[in-house]
1. So, in segment 43-68, exactly how many residues are over 18 Å from Val32 (Cα atoms) and not small (Gly, Ala, Ser)?
2. Check every one of the strands (runs of 3 or more DSSP E) wholly within segment 55-111 and list those with 2 or more residues that are under 23 Å from Leu170 (Cβ atoms).
3. Among the listed residues Arg152, Arg175, Arg147, Arg135, which satisfies the condition of being assigned to a helix (DSSP H, G or I), modelled with pLDDT of 95 or more and assigned by TED's automatic domain parsing to the domain that holds Arg118?
4. Out of segment 158-172, which residues are within 16 Å of ligand 1 (Cβ to nearest atom), of a type in the set (A, V, I, L, M, F, W, C) and assigned to a loop (DSSP other than H, G, I, E, B)?
5. For segment 29-44, which positions are in contact with a helix residue (DSSP H, G or I) (Cβ under 7 Å, 6 or more places away or on another chain), within 12 Å of ligand 2 (Cβ to nearest atom) and not hydrophobic (A, V, I, L, M, F, W, C)?
6. Can you tell which of Asp69, Asp56 is without any contact (Cβ under 8 Å) to a residue 12 or more places away in the chain and either within 16 Å of ligand 2 (Cβ to nearest atom) or over 30 Å from Ser141 (Cα atoms) (or both)?
7. Considering only segment 295-344, state which residues are touching a residue at least 60 places away in the same chain (Cβ under 8 Å) and in contact with a Ser or Thr (Cβ under 8 Å, 6 or more places away or on another chain).
8. Using the structure shown, decide if Ile280 is under 13 Å from Ala341 (Cβ atoms) and at pLDDT 95 or above.
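The values are calculated or read from the model by the stated rules, or taken from the named source; none is laboratory data. Here the structure is a predicted model, which means the values were calculated and not measured. So basically every Cβ, Gly included, is an ideal-geometry build from the backbone, and we count neighbours across all protein chains shown.
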Amino acid sequence: MVTLVAENLRKTYGRTVAVDSVSFEIPEGALVTFLGPSGCGKTTTLRMVAGLEKPDSGLIKLGADVVYDSASGVAVPAERREIGMVFQSYAIWPHMTVANNVAFPLKIRRMPSSDIARLVTDALKLVQLDAYADRYPSQLSGGQQQRVALARAIVFQPRILLLDEPLSNLDAKLREEMRGEIRDLQLRLGITTLFVTHDQDEALSLSDLVAVMHEGRIVQVGGPREIYEHPKTRFVANFVGWTNFLSAELIDRKTARVQGKKFEVAGKDLNPGGAVHLAIRPEDVLVEENQTSISNVLDGRVRTSMFMGSYTVVEIEVDGSLLIAHAPPQTNLRRGDSVRALLPRDRLLVLSA
Ligand SMILES: Nc1ncnc2c1ncn2[C@@H]1O[C@H](COP(=O)(O)OP(=O)(O)O)[C@@H](O)[C@H]1O
Ligand SMILES: [Mg+2]
């Protein structure tokens, strides 16, 4: 197992800067997720690490081994980097059995066939497919095909594992199951892993560290809880579920003015006098039908109220903006009803605008 280090990676396609000054370190045995919207440079970063894409500049190290360095001209080819990869499209061969698919990386390494048989069996056991060795991919479910791809990626004991949206083609329930399986496998093997996804739940649940990417750059790195609770910018906040944003002015470190009203806030890191955004999660907005609270409230009207089973989504129009609340399931509101939205002080995030 090795540490993966990247320094100042940059990759352009014509005028498009796909990846810009990206530096990171994935400690030995850790799983780090790159989280970001489509087009932010996740796949390009991963392909540069794999050796499938040549960076314009930068450095990539696996442990003490420099595999790419634009300054000294080092560029180890992909097949000699000893990296396991899994793609969104499973990329397994339809005309080969499960066992032959998994054996492929060993055959191209010219391993003796007795060793191949043993390693393939071990890898298939790890992904619980040992009973399916002789089947063809068309005889497997999507989740099983993805596990074949996983077995093929780990069978040759790679130094690191790269996974590019490996679960995106699976339906929701299977995706959650496979998420747990991948994490379990990664922990058992103790393999350094870079996992790419646009799905915040996936990133938060799987990772030791999450690196949020935006427009070719890493904008915040932290543990899942830190990213979820303390996003540093509006972009990161929005990406991890802080869907409500209100423009405000910070009067002092404990007070902000929102739509002409004073709100109690905890803006301890910001200088008063400036424009800020207040953010709050839908599950933290309290919808009051009877008007009781006096501070941190906004008056509004219900635009829609949608029963979701375990909660009710209420969209509230307040002074030109829309506030989304997840109210208790028994909430019984109709379009046009007057309501008050309470935004509790300890649930408000204050971000510089
Ligand atoms: N081979 C390519 N040729 C031209 N542009 C590319 C190529 N690959 C990626 N890009 C562009 O680089 C940017 C980053 O793409 P990508 O790394 O695939 O993002 P992500 O995986 O986060 O969706 C996008 O603007 C994309 O259109
Ligand atoms: Mg991609």
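1. 10
2. Where strands (runs of 3 or more DSSP E) fall fully within segment 55-111 and carry at least 2 residues being under 23 Å from Leu170 (Cβ atoms), they are 83-86.
3. Step by step, each of Arg152, Arg175, Arg147, Arg135 is checked, and only Arg152 is assigned to a helix (DSSP H, G or I), modelled with pLDDT of 95 or more and assigned by TED's automatic domain parsing to the domain that holds Arg118.
4. Residue satisfying the conditions is Leu167 alone.
5. Answer for segment 29-44, where residues must be in contact with a helix residue (DSSP H, G or I) (Cβ under 7 Å, 6 or more places away or on another chain), within 12 Å of ligand 2 (Cβ to nearest atom) and not hydrophobic (A, V, I, L, M, F, W, C): just Gly36.
6. So the residue among Asp69, Asp56 that is without any contact (Cβ under 8 Å) to a residue 12 or more places away in the chain and either within 16 Å of ligand 2 (Cβ to nearest atom) or over 30 Å from Ser141 (Cα atoms) (or both) is Asp69.
7. Selection gives Ile324 alone.
8. When the stated conditions are applied, Ile280 passes them.
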